[in-house]
């Protein structure tokens, strides 16, 4: 009643929260798993892999910036539909999205990941890490693929993924938040709902702590993405200024 | 707000440019 999270939140409240977050995730997930099912398992022909590898670095960066930006727009819509998010100040909404939207894109990537072929759905087909060679960030790409693989291995349901995404987005320890306490309450409630759903699904007790460990991996991926972007921008400032999506620059440009 | 113009707009719009 006073907005406090668990233990006061009842099972019915947690079920309701899980339902709402799950529905928001479903409505904003960009691709339904079923849509991709027919192409899953298909390997990209070598000629197409070569085509990506031969692209000039600037063009490949631009393509990836566009794809990331598209995915982030869906994450913004997801955030808007999370209970309580739009009641936060606009400053805090922006702080949470700036820090967390790419993290959610990385989480969502595991839905579009083909574990057998180590490939992710990109530009209309399943692509392995070699497709991204022209970016000149092999280490970061390898880490992103490793992250997707490790998250896939937990075999989370869509509802669990939705709640984990909301939990990450509502991180109360982001710098520059005005109302940390309110974000903390929302995050705590989301964590309780996630815990509740994991229990309901008879998941191992360790899954929640596994997921908490993944949070630091996500942060590391995002800060490495920012470093790579800075390095790229230092060499190609005009490409970024003129050809990168404005939203991408707003989020990562500084 | 000026610095985050697009994000601001996306948050304000009830329907965003994304075709959901």
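The values are calculated or read from the model by the stated rules, or taken from the named source; none is laboratory data. Quantities reported herein were computed from a predicted structural model and do not represent experimental measurements. Every residue, glycine as well, gets a Cβ built from its backbone with ideal geometry; the counts of neighbours run over all protein chains shown.
Residues that are within 14 Å of chain B (Cβ to nearest Cβ): list the helices (runs of 4 or more DSSP H) wholly contained in region A:25-143 that include at least 1 such residues.
Details: elements: A:33-36, A:46-54, A:57-80, A:90-109.
Helices (runs of 4 or more DSSP H) meeting the threshold: A:57-80, A:90-109.
Is at least one residue of region A:213-227 crowded, with 16+ Cβ neighbours inside 10 Å and not in a helix (DSSP H, G or I)?
The answer is no, given that none of the residues of region A:213-227 is crowded, with 16+ Cβ neighbours inside 10 Å and not in a helix (DSSP H, G or I).
Identify all residues within region A:189-206 that are surrounded by fewer than 17 Cβ atoms within 10 Å (Cβ to Cβ) and in a helix (DSSP H, G or I); write none if there are none.
A:199, A:200, A:206
Report the residue count in region A:166-188 for those that are over 18 Å from the mean Cα position of the chain (by Cα) and at negative phi.
Going through region A:166-188, the residues over 18 Å from the mean Cα position of the chain (by Cα) turn out to be A:175-186, A:188.
If we keep only those that are at negative phi as well, we get A:175, A:177-186, A:188.
Total satisfying the criteria: 12.
Output the qualifying pairs, or none if there are none: Cβ atoms under 6 angstrom, residues six or more apart or on different chains, first residue in chain B and more than 7 Å from every other protein chain (Cβ to nearest Cβ), second residue modelled with pLDDT of 90 or more.
B:1/B:8
Name, by its number, the condition in (1) outside any loop (DSSP other than H, G, I, E, B); (2) over 14 Å from residue A:89 (Cα atoms) that does not hold for residue A:173.
(1) is the only condition that residue A:173 fails.
Residues that are exposed (fewer than 13 other Cβ atoms within 10 Å of the Cβ), within 14 Å of chain B (Cβ to nearest Cβ), more than 19 Å from the chain's Cα centre (by Cα) and outside any helix (DSSP H, G or I): does region A:234-254 have at least one? Reasoning before the result, please.
Start the filter on region A:234-254 by keeping residues that are exposed (fewer than 13 other Cβ atoms within 10 Å of the Cβ), which leaves A:234-235, A:237-238, A:241-242, A:246, A:254.
If we keep only those that are within 14 Å of chain B (Cβ to nearest Cβ) as well, we get A:246, A:254.
Okay, now just the ones that are also more than 19 Å from the chain's Cα centre (by Cα), so A:246, A:254.
Add one more test, that the residue is outside any helix (DSSP H, G or I), and what stays is A:254.
Within region A:234-254, one or more residues are exposed (fewer than 13 other Cβ atoms within 10 Å of the Cβ), within 14 Å of chain B (Cβ to nearest Cβ), more than 19 Å from the chain's Cα centre (by Cα) and outside any helix (DSSP H, G or I).
Look at region A:78-92 and say how many of its residues are surrounded by 20 or more Cβ atoms within 10 Å (Cβ to Cβ) and closer than 16 Å to residue A:165 by Cβ.
4
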